Amino acid sequence: MQSIYGLTYKDLEDYFVTKGYKKYRATQVYEWLYRKKIKSFDEITNLKKEVIEELKKDFELSTLKLIKVEKDVDVQKYLFELNDKEHIEAVLMRHDYGNSICISTQVGCNMGCRFCESGRRKKVRNLLASEMVGELFTVEEDLGERISHVVLMGIGEPFDNYDEVVSFIEIINNDMGLAIGSRHISVSTCGIIPKIKEFAHLPYQVNLAISLHAPNDKLRSELMPINKVYPLKELMPVLKDYLKKTNRRLTFEYILLDGVNDTEECAKELAQLIRGINGYVNLIPYNETEYLNWHRSKSSQINKFYDILKKEKISVTVRREFGTNISAACGQLRSKKEETL
Ligand code: SAH
């Protein structure tokens, strides 16, 4: 049966209209679902019994089954089991500005980035919007505190599951529901051009992060196979256009891999590549993983890289690290239970 958490506000309005009820029933139900957080449709007190029975017949209220939580200072990793027994993970990070959750969008990933642990397991399937809502909901419940920020940077490529991801954004952003501000929602992509273009038309001020990781097509194609399909020479003009059309924030993620993409030449080339584009660079110290033979750049090299970008007048930050003790850092999430536990 379909989960009611997969319905956008508009879907729910349409549902009621088709059934011959007033549209505003959607407001009431959204309140019960997302404000009062009911566990059963029977808890609803301001709908007629017959409407409640219809809801029960058409939808389920299930959330995800929480299997395991690992806690470290400021970070918690959650493992969930889905209805078909697949497993996914989400990570909660406590910042001084609020709680932020890193959401998985697929079971596995087909992008095959050479340095990424998550991508070692091929995509099994896309997650439904309701399952992504389930990640957020279950973590929030366990935490007992509001989650104010959402990043779609867990396992999976959000733009390889575009429709469900967009529904998810609509659901969590809706004022009647969780009301997570669009500027507090970030989507990260390896650069799927047609979807970036489509994303520009969404009426929300969500942030977009591009996983860049290399300053030229030759190196990027070696690290990220997707670059052979959507190379930088095509991606960069699309991003310029994206910024012109939207008034959103754009981030370039750049993992620093020792001796691979962290040289002074790379820093200068990167500055050249993004000059004139109104985005900022987020330098990510690589999280080394057991199965892959890539290494984190030395701190002195990270600093040198940072300084060059600064000197070139590029906005740049170095990402604060979370969760290295519990393998909850970027790219270390895995969807396979045996490997996680
Ligand atoms: N598929 C999307 C989102 C998921 S990955 C994307 O490519 O953006 C989230 C980020 O973590 C990406 O920038 C990814 O390249 C990065 N990442 C992957 N493995 C990593 C690792 N071992 N250390 C640090 N960052 C990593």
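Any read-out appearing in this document is the output of simple, stated calculations on the displayed coordinates, not a laboratory observation. In this text the structure is predicted, and so the values were computed from the model without any measurement. For neighbour counting, all protein chains shown are included, and Cβ atoms are generated from backbone atoms with ideal geometry for every residue, glycine included.
Structure shown: which of LYS197/LYS245; LYS19/LYS39; LYS197/LYS240; LYS36/LYS85; LYS218/LYS304; LYS22/LYS49 lie over 19 Å apart, alpha-carbon to alpha-carbon?
From the list (LYS197/LYS245; LYS19/LYS39; LYS197/LYS240; LYS36/LYS85; LYS218/LYS304; LYS22/LYS49), the Cα-Cα distance tops 19 Å for LYS19/LYS39; LYS36/LYS85; LYS218/LYS304.
So what J values fall out for the stretch 153-170 if you push phi through Karplus, 6.51 cos²θ - 1.76 cosθ + 1.60 with θ = phi - 60°, rounded to Hz, Gly and Pro as x?
9, x, 5, x, 10, x, 7, 9, 9, 4, 5, 5, 5, 5, 4, 4, 4, 4
Return the loop-located GluC sites (Glu not before Pro) in the stretch 1-90 (DSSP other than H, G, I, E, B) with at most 11 other Cβ atoms within 10 Å of their own Cβ; answer none if there are none. Please report the intermediate quantities before stating the final value.
Numbers: sites: GLU13, GLU31, GLU43, GLU50, GLU53, GLU54, GLU60, GLU70, GLU81, GLU86, GLU89; in loops: GLU86.
Sites meeting the loop and neighbour criteria: none at all.
Hey, got a sec? Which trypsin sites (Lys or Arg not before Pro) in the stretch 122-172 land in a DSSP loop and have at most 11 other Cβ atoms within 10 Å?
LYS122, ARG146
Report the FRET efficiency, 1/(1 + (r/R0)^6), for LYS71 and ARG320, where r is their Cβ-Cβ distance and R0 is 30 Å, rounded to 0.05.
Computed FRET efficiency for LYS71 and ARG320 comes out at 0.95.
Quick one: which residues, 5+ away or cross-chain, put their amide H under 5 Å from the amide H of ARG125? H built at 1.01 Å from N.
Placed amide hydrogens put VAL107 under 5 Å from ARG125.
Mean residue ellipticity at 222 nm from the helices of the chain, using -39,500 (n - 2.57) per DSSP H segment of n ≥ 4 over the full residue count, to the nearest 500 deg cm²/dmol?
That calculation yields -9500 deg cm²/dmol at 222 nm.
Roughly how compact is the stretch 2-60, stated as its Cα Rg over 2.2 N^0.38 Å to two decimals?
Working: Rg = 10.2 Å, N = 59, 2.2 N^0.38 = 10.4 Å.
With N residues counted in the stretch 2-60, Rg over 2.2 N^0.38 Å equals 0.99.
Given a Förster distance of 30 Å, report the FRET efficiency between GLU60 and GLN205 from their Cβ-Cβ distance, rounded to the nearest 0.05. Mind showing how you got there, number by number?
On the way: r = 32 Å, r/R0 = 1.08.
Plugging the Cβ-Cβ distance into 1/(1 + (r/R0)^6) gives 0.40.
What list of ³J(HN,Hα) couplings, whole Hz, do you get for the stretch 308-322 from phi and the Karplus terms 6.51, -1.76, 1.60, once you set θ to phi - 60° and write x for glycine and proline?
5, 4, 4, 4, 7, 6, 9, 6, 8, 9, 10, 5, 5, 9, 10
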